[in-house]
1. With label points built 7 Å along Cα→Cβ from the Cα atoms of LEU25 and SER62, find their separation and express it in nm.
2. Which label belongs to the value computed from this structure, given these candidates for Rg/Rh (Cα atoms, Kirkwood Rh): (1) 0.92; (2) 1.91; (3) 1.00?
3. Rounded to the nearest 0.05, what FRET efficiency do ASP35 and VAL86 give with R0 = 30 Å and r taken as the Cβ-Cβ distance? Could you check?
4. Tell me, what is the percent relative contact order of region 2-106, built from C-alpha pairs under 8 Å that lie six or more residues apart?
5. Net charge near ARG4: determine it from the other residues with C-beta under 13 Å of the C-beta of ARG4, scoring Lys and Arg +1 and Asp and Glu -1.
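Please treat every number below as a calculation from the coordinates, not as lab data. Values in this document were obtained by computation on a predicted structure and should not be read as measured data. With ideal geometry, Cβ positions are generated from the backbone for all residues, glycine too; neighbour counts draw on all protein chains shown.
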Amino acid sequence: MHGRLLDLLEYRVVLGAVVTTPDGLLVAAAAVPDDDAELIAATTAAREEREGHNPDYWDASSEHGSLRVVCGGDVRLIVLTEPDIVEPIMRELMDEHLRGLEAAIYA
């Protein structure tokens, strides 16, 4: 699984990646310190719980970068990117990697 996360770092706009369970437990991280990855995992789960739904995709952006979240059946992929990335392209890339991560879980 870690290797699949490292594949995301091949894209120069991707700064880090985190995989969590739907309830916010850290599964794996690449280019994100463990303490930060655990905080990101917990806060994204809390945000989704607070809003009362679990969308397939959402993001939060600032002038410094974006946190992008795509949810699958068993895991959530969180990618930290440079700001001003074209959302549909990034979402497609994340969906593809999420499917690969979930396939690896069931293999």
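1. 3.0
2. Recomputing Rg/Rh (Cα atoms, Kirkwood Rh) here gives the entry labelled (1).
3. Values: r = 31 Å, r/R0 = 1.03.
Efficiency computed from Cβ-Cβ geometry: 0.45.
4. Values: 164 pairs, mean separation 26.8, N = 105.
Rounded, it is 26 percent for region 2-106.
5. Values: positive: ARG99; negative: ASP7, GLU10, GLU96, GLU102.
Summing Lys and Arg as +1 and Asp and Glu as -1 gives -3.
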